[in-house]
Amino acid sequence: MIHIYHGKGKGKTTASVGLAVRAAGAGLKIIFMQFLKNGSSSEIRILKNIENIEVEYCEECNKFTFQMNDNEKNLVTEKNNHMIKQAFESGADMIILDEFLDVYNKDMIDRNLAVKLISENKENTEIILTGRNPAEVFVEKADYISEITAVRHPYEKGVTARIGIEY
């Protein structure tokens, strides 16, 4: 089945982390892939220590996409393609593709490959997609869709991201 957590609100990654922990507690094998994040988010440290959860992230992602030059974007795209192939070759019961919707929308992943892998595996694997603005192809295929709306956020008052809360 396909789950989508999307929207402008805080909590998409947090929801997927909670689902990973729940699934690991039930003995399922999980692969947690973080696109556009270099492994410095606080959840990575603890997820790596949970039995049945394998974590991968994009070490090359040290900038926001709008700060990357073409060579950096190409390098990240290659890494993203490698990561999605690895996820679906892992034999995991649950595949979490955090920030996937954003790399898909920014054309920083092989779109045809991504649609093919997700479509072919949705019957035997729980697939979780997070990010903003899900493409219609995923909306049509999804079994769960949760939109997370920002009603209020401290960033609006100038509070920057805080470790352990936003990352």
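The values are calculated or read from the model by the stated rules, or taken from the named source; none is laboratory data. Quick caveat: nothing in here was measured; it's all calculated off a predicted structure. Ideal geometry is used to build each Cβ from the backbone, glycine not excepted, and the neighbour counts take in all protein chains shown.
Taking the options I84, I53, I46, name whichever one is free of Cβ contacts under 8 Å to residues at least 60 places away in the same chain, farther than 22 Å from R132 by Cα and buried (at least 16 other Cβ atoms within 10 Å of the Cβ).
Result: I53 is the single residue among I84, I53, I46 that is free of Cβ contacts under 8 Å to residues at least 60 places away in the same chain, farther than 22 Å from R132 by Cα and buried (at least 16 other Cβ atoms within 10 Å of the Cβ).
With T160, T130, T77 as the choices, which residue is in a helix (DSSP H, G or I), of a type in the set (S, T, Y) and either free of Cβ contacts under 8 Å to residues at least 60 places away in the same chain or in contact with a strand residue (DSSP E or B) (Cβ under 8 Å, 6 or more places away or on another chain) (or both)?
Details: T160 fails: in a helix (DSSP H, G or I); T130 fails: in a helix (DSSP H, G or I).
Matching residue, one of T160, T130, T77: T77.
Can you pull out every residue in the stretch 16-37 that is surrounded by fewer than 16 Cβ atoms within 10 Å (Cβ to Cβ) and either within 12 Å of the chain's Cα centre (by Cα) or among the aromatic types (F, W, Y) (or both)?
none
Of everything in the stretch 59-74, what is farther than 16 Å from I109 by Cβ and not in a helix (DSSP H, G or I)? Give them in sequence order.
Passing the criteria: E59, N62, K63, F64, N69.
When the stretch 87-117 is examined, which residues are found to be assigned to a loop (DSSP other than H, G, I, E, B), at pLDDT 95 or above and surrounded by 14 or more Cβ atoms within 10 Å (Cβ to Cβ)?
A92, D93, E99, K106, M108, I109, D110
For the stretch 22-38, enumerate the residues that are more than 20 Å from F88 (Cα to Cα) and either touching a Cys at 6+ places or on another chain (Cβ under 8 Å) or basic (K, R) (or both).
Residues satisfying the conditions are R22, N38.
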